[in-house]
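Data first, discussion second: the structure below is written as structure tokens.
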Amino acid sequence: MTNKWLEISLIVDGELAEAVAEVLARFAPEGVIIESTRIDPNGSPEGKVVGPLRVAAYLPDDEQLEEKRSKLEEALWYLGRIRPLPHPQYQKIEQTDWSQAWKEHYQPIAIGKKLVIVPAWMDNPMPARIPIRIDPGMAFGTGTHPTTQLCLEAIEEIALTIPSRDEAKTDFTFIDIGCGSGILSIAALKLGALQALGVDLDEQAVKIAGENARANGITQGLELGIGSVKEILQGKFSLSKAPLVVANILAPVIIQLFDDGMGDLVIPDGVLILSGILAEQTSQVTSASGKYGFRLENKKIQGDWVCLTLKC
Amino acid sequence: MAKKLKTVVRLQIQAGKANPAPPIGPALAGHGINLMAFCKEYNARTANRAGEVVPAEISIYTDGSFTFVLKTPPASILLKKAAGVEKGSALSPREKVGKVTRQQIKEIAELKMKDLNAIDLEGAMRQIEGTARNMGLQIVD
């Protein structure tokens with residue numbers, strides 16, 4: 001396996017980008033990238049891609065490099081006879097441990113009005129916010145994924161409607177089905193929940209959730225265990241109902257959990273937050289929830305993902 | 001308040017084969033994106049489309065978060081399939097490697113309409129026709 005690569009890139013307008021990408025892909029079967037070079041911040045609520053695009057591919061720096069480069073330049077020359085093309089730019093790239101290199105550029109993620117996800121290797125740069133310490137190098141529940149972020153926002157919104165800790169948060173308990181890294185339970189406790197229960201079928205997840213809780217200074221109020229809806233309903237844990245229940249899993253699993261009795265975990269007038277749902281799966285989930293007496297209160301969308309807030 | 005876009009990166013890669021090597025590593029690591037998390041999710045969502053190029057469009061925000069959506073295959077891949085050729089011409093426009101019909105162009109334009117920056121179907125068809133010509137494909141009625 002090669003240790004060096006040659007990056008070939010061209011900056012072209014949008015109409016030419018795909019044709020150039022097609023030429024590059026012939027010589028770089030691992031794939032091609034097309035990246036925006038300019039964003040108009042006023043183009044839409046979140047900004048809009050404007051201006052030319054940068055098209056790039058990577059050739060392994062091996063004995064075939066010069067031959068490939070020559071053929072690629074020839075193919076680009078012919079394409080340039082149809083519409084003028086800029087000269088390709090070349091840059092040598094050293095092999096890097098890309099799976100770790102991204103950490104150097106990682107920045108904490110502020111979520112909602114009060115939370116910020118901060119990795120273990122970094123000080124909290126937003127002291128006005130409540131830090132959730134989670135290492136984003138882990139495979140799940142790291143706070144970098146839209147499903148987790150949407151869920152955290154929804155939990156925060158509900159938590160902020162409950163009276164402050166000094167008044168009467170005695171009713172604020174929390175159940176997290178499929179707790180993974182424990183990030184949602186940790187957030188609920190930091191937002192004022194008196195008690196949280198996190199369950200997961202994966203023993204390793206439960207262990208990691210415990211480690212994350214300790215890293216976040218959670219010493220009381222959190223119960224973690226192996227199980228799911230059935231085990232909670234069987235009374236294996238100290239909580240069997242709560243005003244706020246969350247399941248950040250995948251849509252087919254969520255639908256199955258309704259049949260397992262997930263709705264019975266929510267107290268009357270309580271809230272059920274469901275995340276991990278692809279946009280096209282929304283109607284399947286709302287249909288399943290409707291059968292058990294839940295109505296849709298709010299829907300959050302990020303990319304392809306949807307988070308539903310339901311009341312019973 | 002809506003998040004603000006920092007950049008948008010489109011990866012044209014093989015379904016189910018994302019890994020941290022180039023092009024994904026250098027394209028995303030500099031933006032602080034959790035590469036393994038991205039690769040794992042991309043591979044899971046494209047696992048049933050082995051052998052296809054399934055583009056992922058990644059929106060990276062100024063707060064460091066990101067999201068991605070899967071896109072329709074590149075027009076060039078669809079055109080090659082329609083023309084029954086393995087690759088485009090290296091000598092286009094001098095060399096023609098195959099033919100596509102206007103009906104095929106229309107079908108591809110309809111499929112890719114939502115991903116193209118076109119006002120209407122005619123505009124989308126013109127973009128697809130341009131890609132076809134660039135690849136050395138002749139357009140016939």
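Nothing in this text is a laboratory measurement; each read-out follows from the coordinates by a stated rule. Since the structure is predicted, the reported quantities are computational estimates derived from the model, not experimental observations. Counting neighbours? That spans all protein chains shown, and the Cβs are built from the backbone with ideal geometry, glycine included.
Here is how the numbers come out for the structure above:
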| quantity | calculated |
| --- | --- |
| Kirkwood-type radius of region A:4-105, with distances r between different C-alpha atoms, in Å | 15.0 Å |
| Entries in A:236/A:311; A:48/A:299; A:68/B:99; A:113/B:114; A:291/B:40 that, when Cα-Cα distance is taken, lie over 31 Å | A:113/B:114; A:291/B:40 |
| Computed over region B:1-60: relative contact order in percent, which uses C-alpha pairs under 8 Å that are six or more apart | 56 percent |
| Gyration tensor verdict on region A:142-282 (Cα atoms; rounded if a/c is under 1.5, prolate if a/b is larger than b/c, oblate otherwise) | rounded |
| Assigned charges on the beta-carbon of Lys, Arg, Asp, Glu; the protein assembly as shown dipole about Cα centre (debye) | 680 debye |
| Cβ-placed point charges (K, R +1; D, E -1), dipole of region B:1-87 about Cα centre in debye, nearest 20 | 120 debye |
| Length added when fully stretched, residue A:219-residue A:269, from 0.36 nm per residue minus Cα-Cα | 15.0 nm |
| For region A:4-105, with +1 on Lys and Arg beta carbons and -1 on Asp and Glu, the positive-most of A:45, A:102, A:60 along the dipole | A:45 |
| Dipole magnitude (debye, nearest 20) for region B:54-102, charges at Cβ of Lys, Arg, Asp, Glu | 480 debye |
| For region A:63-96 versus region B:25-73, the gap between their alpha-carbon centres in whole angstrom | 25 Å |
| Gain in span if fully extended, residue A:65 to residue A:299, counting 0.36 nm per residue against the direct Cα distance | 79.2 nm |
| Relative packing of B:131-139, A:60-68, A:74-82, B:104-112, which averages over residues the other C-beta atoms within 10 Å, highest first | B:131-139, B:104-112, A:74-82, A:60-68 |
| Averaged over A:74-83, number of beta-carbon atoms from partner chains that fall within 10 Å | 4 |
| Percent RCO, i.e. relative contact order, over chain A, from Cα pairs under 8 Å lying at least 6 residues apart | 12 percent |
| Rounded if a/c under 1.5, otherwise prolate or oblate - region A:229-270, Cα gyration tensor axes | oblate |
| For residues of A:143-149, the mean tally of beta carbons on other chains within 10 Å | 4 |
| Span from the region A:1-59 Cα centroid across to the region A:260-289 one, whole angstrom | 40 Å |
| At R0 = 51 Å, FRET efficiency that the Cβ-Cβ distance of residue A:160 and residue B:17 yields, to 0.05 | 0.75 |
| Proximal charge balance of residue A:234 [Cβ under 12 Å; K/R count +1, D/E count -1] | -1 |
| Viscosity 1.002 mPa s, temperature 20 °C, Stokes-Einstein D of chain A from Kirkwood C-alpha radius, µm²/s | 96 µm²/s |
| Gyration tensor verdict on region A:221-312 (Cα atoms; rounded if a/c is under 1.5, prolate if a/b is larger than b/c, oblate otherwise) | prolate |
| Average beta carbon contacts from partner chains per residue of B:60-71, 10 Å cutoff | 5 |
| Chain lengthening between residue A:92 and residue A:40 when straightened (0.36 nm per residue, less Cα-Cα) | 15.7 nm |
| Acute angle (nearest 10 degrees) that the helix B:121-134 long axis makes with the longest principal axis of chain B, alpha-carbon atoms | 80 degrees |
| Gaussian network model of chain A, springs between alpha carbon atoms under 10 Å - residue of A:145, A:105, A:87 with greatest fluctuation | A:87 |
| Value of relative contact order over region A:4-105, rounded to a whole percent, pairs C-alpha under 8 Å and six or more apart | 40 percent |
